[in-house]
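Structure record follows, encoded as structure tokens.
The values are calculated or read from the model by the stated rules, or taken from the named source; none is laboratory data. Small disclaimer: the values here were computed from a predicted structure and weren't measured. Here Cβ is always computed from backbone atoms with ideal geometry, including for glycine, and neighbour counts include all displayed protein chains.
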Amino acid sequence: MNRLSLVFMLIIVCHFTPAKGDTPLLMANKNNLYQRILTLPGAILYSQAKETQKETEPLPVFSIYYVYSRMKIDNVQWLKVSLGRYGNRMRMGWIREDKTLEWSQRLTLSFREPVDNQDRVLLFKDKKSAEQLATSSNINEYEKIYQAAVKGEKLANSPVIAIQPSENIDIRKNFYLVPIHEYEDIFMKGTTARLLQVSSIPIPVENKFNKTPEKTQLQTSLSAQPNRANNVPYTAGITFVVDSTLSMQRFIDRTRQAVKTIFNDIKQANLLGNVSFGLIAYRDNIEITPNVEYVTKQYVSLKQGGDPDVFMKQVADLQATEWTTKNFIEDGFAGIYQAIQGMDWSPFSARYIVLITDASSRDGNDPLSSTGLKLAELKKLAHEKNIAIFVMHLLTPASKFNHNEAKKQYTALSEYPNIGSFYYGVPTGNTNELGNVIEKLSEQITTQVGQMTTGDNNTKVIIEAKKQEPTQLQDLKTKVDKLGYTLRMRYLQEQGEQAPDVFKAWIVDKDFKTPEKRTVDARVLLTRNQLSDLHSILKQILNTARKGVMSPKNFLNDLKSLAATTSRNPDRLGGATSMTAGKGNSLAEMGFMREYIEGLPYTGKVMNLSLDDWQRWPVKQQTEFLQNIREKINYYQFLHDNVDLWVSLKGGAIDGDSVFPVPLVLLP
């Protein structure tokens, strides 16, 4: 590459201003909270309120969308939805209402890890069954029902329809949704417990394709065998698109080595033929620099790439060019386009392109572009063929000036609907890390193929990491898991196997044998902006309360003054409740409670503080209360700053609308 001749591009960031009416519908009796829904299996986004002109294939289950309008046509209720709070900022379309669930309070739960012989959580078909068993003292009956659920046996008249997965899932590392719709308090052996109605997706225990549950789903206690109409095997096609310009030789060699290692693992797992690799090399415009020989060149087709001997022979002579190109930017889009259009993807259930490069690519506006395709057009072509694009961006010291530009471009290019971006920046262009990431992702995909092909979720293709993996790799592997699940559900649908329906069930949040132990944590999805709002409110309360310890006579007036100020200038996402008049005897009544936490099933020690109680408390108790506020402030700050914990429901970078499931006990 010619490092002496550089092209600098001016990137203009346009700040979006929503048009009038271009916001979602408000929830009933709310001033700042918008209506949201969850998608059910088979939900499809249409460009119009009719079942033509599909914008997407079936959406991932429990995708969260804002509702912009509602319309009934030919007795079918339609919802106009978007992933974002501003419709023309994110993809907008129409979904049938019967393929959605209302989800007003954004409540979800996380399972606690069963420890000290604590049982897994049972899910009951109705509230009455759960309440009767929880409030009775019939441990023998409970034990019989529980053991049957663990073994996946079907008992006559059993009230249980599902059970918590046996493997612990940390919701902070692997985000999942078990939405809560209703709740009710009950007494359980002398203590208070709570009945919760939840939704989930059943994964049959005896399903030959999934003998153990998906990590983010619940395991049904009932046996089920799929009834497939066809017997087309589940296969994966992976095409490497490799930059073969001057600086790339050592990366080409490492990629070749990685694929050789992957083939050895595939062979050991008896999956040769189920995973196939293609390879396309690209350089740049040959009219300007004819010595580079080609813009793109196919070395291995996906048909050839199922045979390791053929693949290794075909790529043996792949070398980086010895000639410099026009400038540092190359025609990577040409390589991706060749992979999308030139490869035969039809035999493959799962389809992946892996771009490996140290430079940004020529967009369609670049006069040296051979395709004339802009990023959005290229990405659309890939999505139309259900191809996911991964980008291994080599952050070499020599390309430092191009890092930010390339990262922006490739983050957007590799974004997959409802999952996020499959961009990976390889620090310093480390060849070993490049090879390691390629091997792990390919092995992960191969394992998914093995699970669908053999029904064996213990397929030993992916070996557990010998050392702690980088956070970036952990995040990428989590997304590959989500993508793999989406692709497997699509495959089952195409084979005549309907994706599992969402079911509703009731659970008890305490352990049946030891009710003093909680088995689940109720959580609420808060956005990063909402958490910042809570943090700000608590800091103001803390500062005022500190003065109140020293001057109790002025404390009430200071709080009322602060509440009145907050009411006049509410945060556009926070929004104080309807009682914001600076009146009342508690912080909530005075207007400090925010709409997004109002009405949740918890008792907030801070918001429910009675000012009469405060004035009666000794200084020690007041100081302990202030310490509780301080701890919450510190927690909110830590959570806000820890970007890896946040989830972007619309994909892409973490922003103010990204969410985290905050435990109710940590609300003020």
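Mind listing whichever residues of region 134-147 are surrounded by fewer than 17 Cβ atoms within 10 Å (Cβ to Cβ) and assigned to a helix (DSSP H, G or I)? Steps first, answer last, please.
Within region 134-147, the first condition is being surrounded by fewer than 17 Cβ atoms within 10 Å (Cβ to Cβ), and the residues that meet it are 135-141, 143-144, 147.
Of everything in region 134-147, those that are surrounded by fewer than 17 Cβ atoms within 10 Å (Cβ to Cβ) and assigned to a helix (DSSP H, G or I) turn out to be 135, 139, 140, 141, 143, 144, 147.
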Between a residue in region 324-342 that is free of Cβ contacts under 8 Å to residues at least 24 places away in the same chain and any residue that is surrounded by fewer than 24 Cβ atoms within 10 Å (Cβ to Cβ) and hydroxyl-bearing (Ser, Thr, Tyr), which pairs come within a Cβ distance under 8 Å, given they are 6 or more apart or on different chains? none
With respect to residue 453, determine if the residue is modelled with pLDDT under 85 and under 26 Å from residue 395 (Cα atoms). no
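Checking the structure you have, find out if any residue of region 8-19 is modelled with pLDDT of 80 or more and either under 30 Å from residue 357 (Cα atoms) or outside the structural domain of residue 320 (by TED's automatic domain parsing) (or both). Break it down stepwise before answering.
To start, the set of residues in region 8-19 that are modelled with pLDDT of 80 or more comprises none.
No; the residues of region 8-19 include none that is modelled with pLDDT of 80 or more and either under 30 Å from residue 357 (Cα atoms) or outside the structural domain of residue 320 (by TED's automatic domain parsing) (or both).
Conditions (1) crowded, with 17+ Cβ neighbours inside 10 Å; (2) assigned by TED's automatic domain parsing to the domain that holds residue 446; (3) part of a helix (DSSP H, G or I), marked per residue:
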{"site": "310", "(1), (2), (3)": "no, yes, yes"}
{"site": "316", "(1), (2), (3)": "no, yes, no"}
{"site": "320", "(1), (2), (3)": "yes, yes, no"}
{"site": "324", "(1), (2), (3)": "yes, yes, no"}
{"site": "335", "(1), (2), (3)": "yes, yes, yes"}
{"site": "339", "(1), (2), (3)": "yes, yes, yes"}
{"site": "351", "(1), (2), (3)": "yes, yes, no"}
{"site": "359", "(1), (2), (3)": "yes, yes, no"}
{"site": "363", "(1), (2), (3)": "yes, yes, no"}
Residue check, residue 73 against (1) under 19 Å from residue 177 (Cβ atoms); (2) modelled with pLDDT of 80 or more, all met but one. Which one? (1)
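Specify the residue that is surrounded by the fewest Cβ atoms within 10 Å (Cβ to Cβ); the eligible residues are those in region 62-86 that are of a type in the set (Ser, Thr, Tyr) and farther than 24 Å from residue 486 by Cα. Full working, then the answer.
Step one: of region 62-86, the residues of a type in the set (Ser, Thr, Tyr) are 63, 65-66, 68-69, 82, 86.
Subsequent filtering for residues that are farther than 24 Å from residue 486 by Cα retains 68-69, 86.
Values: 68: 21, 69: 14, 86: 18.
Among residues in region 62-86 that are of a type in the set (Ser, Thr, Tyr) and farther than 24 Å from residue 486 by Cα, the one surrounded by the fewest Cβ atoms within 10 Å (Cβ to Cβ) is 69.
Is it the case, given these coordinates, that residue 110 is at pLDDT below 75, closer than 24 Å to residue 522 by Cα and within 27 Å of the chain's Cα centre (by Cα)? Outline the logic, then answer.
On the way: at pLDDT below 75: no; closer than 24 Å to residue 522 by Cα: yes; within 27 Å of the chain's Cα centre (by Cα): yes.
In short, no.
Would you mind finding the one in 381, 395, 368 that is surrounded by fewer than 19 Cβ atoms within 10 Å (Cβ to Cβ), in contact (Cβ under 8 Å) with a residue 12 or more places away in the chain, of a type in the set (A, V, I, L, M, F, W, C) and in contact with a strand residue (DSSP E or B) (Cβ under 7 Å, 6 or more places away or on another chain)? Walk me through how you get there before you give the answer.
Values: 381 fails: in contact with a strand residue (DSSP E or B) (Cβ under 7 Å, 6 or more places away or on another chain); 368 fails: in contact with a strand residue (DSSP E or B) (Cβ under 7 Å, 6 or more places away or on another chain).
On inspection, the qualifying residue turns out to be 395.
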